[in-house]
Amino acid sequence: MGQQYNQLSEQHIRFIAEQRIFFVGTATADSRVSVSPKGMDSLRVLDPGRVVWLNVTGSGNETAAHVQHNPRMTIMFCAFDGDPLIMRLYGTAKVIHNGDPEWAELLPLFKPLPGARQLFDVAIDLVQTSCGMAVPRYALVEDRELLNDWAEKKGQDGIERYWAEKNHSTIDGIPTNILSKTIGAKTIAGSTGQSGGS
């Protein structure tokens, strides 16, 4: 069994800052388990017990739906070069949509990304590290810009149409609430003359 900690140490935080990819696992009590890779410099450590990460538009929206029913989340990092290490952060997550009060506070932590869809605010209750000796070594070639290019070409209106078509429910039929939480908030703000956030 790996080493266990109640919160992130300075060494853990340095390791996280060096990683270019992480993996997120979520599920409801009876849904399929979703495991999703994330990149694009989209995670920030706020303090030893809290991280936040930015989710951009993709073909599915499993994580957001799962967290609204069951807030458990596991985030995993692997060292693909240097000394081997696997680190898992176990905790409870809150999904934040554009229009929620926390959106305007947390979004500036990240460089602007077209197609930004949700933020996840994760309270860590356990950090686990293990050897990672079986993880192969990989060399980073470059970040892909394909998703950014796709989102910029679609524009915000096109992204919202894509959400309506592809992101409104999970493969198990669980609603993600992206339309009511994001587009609905913008509609309400527009009717009152207030900004829904950006």
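Any read-out appearing in this document is the output of simple, stated calculations on the displayed coordinates, not a laboratory observation. Just so it is clear, the structure is predicted and the values come from calculations on it, not from any experiment. So basically every Cβ, Gly included, is an ideal-geometry build from the backbone, and we count neighbours across all protein chains shown.
For the chain, the equivalent ellipsoid derived from the Cα gyration tensor has semi-axes of 30, 18, 17 Å, listed largest first.
The Rg/Rh ratio of segment 10-73, with Rg taken over Cα atoms and Rh as the Kirkwood radius over Cα pairs, comes to 0.99.
Please compute, over every Cα-Cα pair in segment 75-122, the percentage with a separation greater than 14 angstrom.
Result for the distance tail: 62 percent.
Counting other Cβ atoms within 10 Å as a rough exposure proxy, the listed residues 172, 157 run 157, 172 from fewest neighbours to most. Between residue 137 and residue 18, the contour length at 0.36 nm per residue exceeds the Cα-Cα span by 41.4 nm. When peptides 39-47, 134-142 are sorted by average Cβ neighbour count within 10 Å, with the highest value leading, the order is 39-47, 134-142. Quick check: from the Cα gyration tensor, does segment 53-92 come out rounded (a/c under 1.5), prolate or oblate? It comes out oblate by the Cα gyration axes. Across segment 47-164, Cα-Cα pairs farther apart than 17 Å form 66% of the total.
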